[in-house]
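Peer 1: Right, I'll just put the structure down here and ask away after.
Any read-out appearing in this document is the output of simple, stated calculations on the displayed coordinates, not a laboratory observation. Quick caveat: nothing in here was measured; it's all calculated off a predicted structure. Quick reminder, even Gly has a Cβ in these numbers, built from the backbone with ideal geometry, and neighbours come from all protein chains shown.
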Amino acid sequence: MVSLEEELELSMTYENFEDVPARKAASRRSVEDFNVPAAAPGMKMYRLVVVSFGLLCILQAALNISLRLTLYLEAGCNNLTEERDDLKRTLENYVSQQNSLTEERDEMKRINLDLEAGRNLLTEENHGLKRTLEEYAHYLQQGWVYFSGSFYRISSTMKPWQDSRRDCQQRGADLMIINSQEEQDFSRQSKNITWIGLMDRNTEGEWTWVDGTQLTTSFWHSGEPNNYLNKNEDCVNINHHDHQNSWNDAPCENEHFWICEKKM
Ligand code: MMA
Ligand code: CA
């Protein structure tokens, strides 16, 4: 399009021509032929500056946008990296926590097994103690006397040594075996003559307890053992209760009271 100013300029350029209609036609032709009027150099410069300035603005805006975008993306990227590192640390923590929990669980399992074994032992021990307690109650009910780890019972009838021993065995015991001064003193409580579990029936002069052990500490009354009047005195009884040394050898067929002992 040609502006009004340009039209004026053009008409001024061609005003020296004589044939005005011809000039007008020519001028119209030139406008139609070239479409862009020939602008003044100042105007061109002005346009160039305006266009350049516009382009620079666009470039600046593009640069700003790309810079902001870069910074924004970089910040986002940094955030993501931090987040990833955080997650990594959290995961590592979980893994180590899980490992220690697994260890703890295994340790607990071992402890549990130990405890179970301990409980089984205690249960067995408990059963053993119950049996022992029942046994103690049984002997006490039957009138046995407890002394230093054994129950003792003095018979109320008299029998030969062998029958006396059999009676003790039937009661889950045997004739009394004396191993200490305390037991010897205890045996002297009964004022009757009482058989104890000592004899030399197998080998004369070799005194043996009913549990098969040899006599070591003895409490013979003075002058005993003596096979009195050359009688075979192969069994031993408590005869002299008023003496610390109270033992006498006597014929096994003699009938006496007797003392049973049940070791607990
Ligand atoms: C009794 C009898 C003997 C004992 C003497 C001791 C008379 O016989 O118990 O075994 O040795 O007494 O005097
Ligand atoms: Ca004697």
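Peer 1: State, to one decimal in nm, how far the label point of Glu104 lies from the label point of Tyr72, with both points 7 Å from Cα in the Cβ direction.
Peer 2: Going from the Glu104 label point to the Tyr72 one covers 4.7 nm.
Peer 1: Using modelled amide H (1.01 Å from N, peptide plane; none on Pro or chain starts), what sits under 5 Å from the amide H of His256, excluding residues fewer than 5 places away?
Peer 2: Those qualifying (amide H under 5 Å, at least 5 residues apart or on another chain) are Lys159.
Peer 1: Could you work out, for the chain, what percent of all Cα-Cα pairs fall into each 5 Å distance bin, beginning at 0 Å and stopping at the bin that holds the largest distance?
Peer 2: 1, 4, 7, 8, 7, 5, 3, 3, 3, 3, 2, 2, 2, 2, 2, 2, 2, 2, 2, 2, 2, 2, 2, 2, 2, 2, 2, 2, 2, 2, 2, 2, 3, 3, 2, 1, 1, 0, 0, 0, 0
Peer 1: If you check each cysteine of the chain for another cysteine whose beta-carbon is under 4.7 Å away, which ones come up empty?
Peer 2: Cys57, Cys77, each lacking another Cys Cβ under 4.7 Å.
Peer 1: For a quick protection proxy, order the peptides 192-200, 138-146, 90-98 by their average other-Cβ count within 10 Å, most packed first.
Peer 2: 192-200, 138-146, 90-98
Peer 1: Pairs of lysines 8 or more apart, or on different chains, with alpha carbons under 20 Å: count those in the chain, would you?
Peer 2: So the count of such lysine pairs works out to 5.
Peer 1: Another question, then. Starting with the fewest neighbours, write out His221, His243 ranked by other beta-carbon atoms found within 10 Å of each beta-carbon.
Peer 2: Final ranking by Cβ density, sparse to dense: His243, His221.
Peer 1: If you plug each phi of segment 153-163 into the Karplus form 6.51 cos²θ - 1.76 cosθ + 1.60 with θ = phi - 60°, what whole-Hz ³J(HN,Hα) values come out, in order, with x for Gly and Pro?
Peer 2: 9, 8, 5, 9, 10, 10, 8, x, 3, 5, 5
Peer 1: Taking amide hydrogens as modeled 1.01 Å from N in the peptide plane, which residues meet the under 5 Å criterion relative to Leu198, leaving out close sequence neighbours?
Peer 2: Amide H neighbours of Leu198, under 5 Å, 5+ apart: Val236.
Peer 1: For segment 52-141, just the Cα set please: Rg and Dmax, both in angstrom.
Peer 2: That works out to 37.8, 128 Å for Rg and Dmax.
Peer 1: Give the order of Trp258, Trp247 when sorted by the count of other beta carbons within 10 angstrom, beginning with the fewest.
Peer 2: Ordered by Cβ neighbours within 10 Å, fewest first: Trp247, Trp258.
Peer 1: Applying the Karplus parametrisation 6.51 cos²θ - 1.76 cosθ + 1.60 with θ = phi - 60° to the phi angles of segment 164-171, what ³J(HN,Hα) value in whole Hz is obtained for each residue in order, glycine and proline being reported as x?
Peer 2: For segment 164-171, the Karplus curve yields 4, 4, 4, 4, 4, 4, 5, 9 Hz.
Peer 1: Follow-up question, since we're still on this one. Between Val51 and Met158, what is the label-to-label distance in nm when each label sits 7 Å out along the Cα-to-Cβ direction?
Peer 2: Computed distance between label sites Val51 and Met158 equals 15.8 nm.
Peer 1: In sequence order, what are the phi-derived ³J(HN,Hα) couplings for segment 145-152 according to the Karplus relation 6.51 cos²θ - 1.76 cosθ + 1.60 with θ = phi - 60°, rounded to whole Hz, with x for glycine and proline?
Peer 2: Listing the rounded values in order: 10, 8, 8, 6, x, 9, 9, 10 Hz.
Peer 1: Using bins 10 angstrom wide from zero, how does P(r) for segment 145-263 break down, in % of all Cα pairs?
Peer 2: Taking every Cα pair in segment 145-263, the percentages come to 14, 51, 32, 2.
Peer 1: Continuing with this model, one more query. R0 = 22 Å: FRET efficiency of Arg171 with Thr132, Cβ-based, nearest 0.05?
Peer 2: Efficiency for this residue pair is about 0.85.
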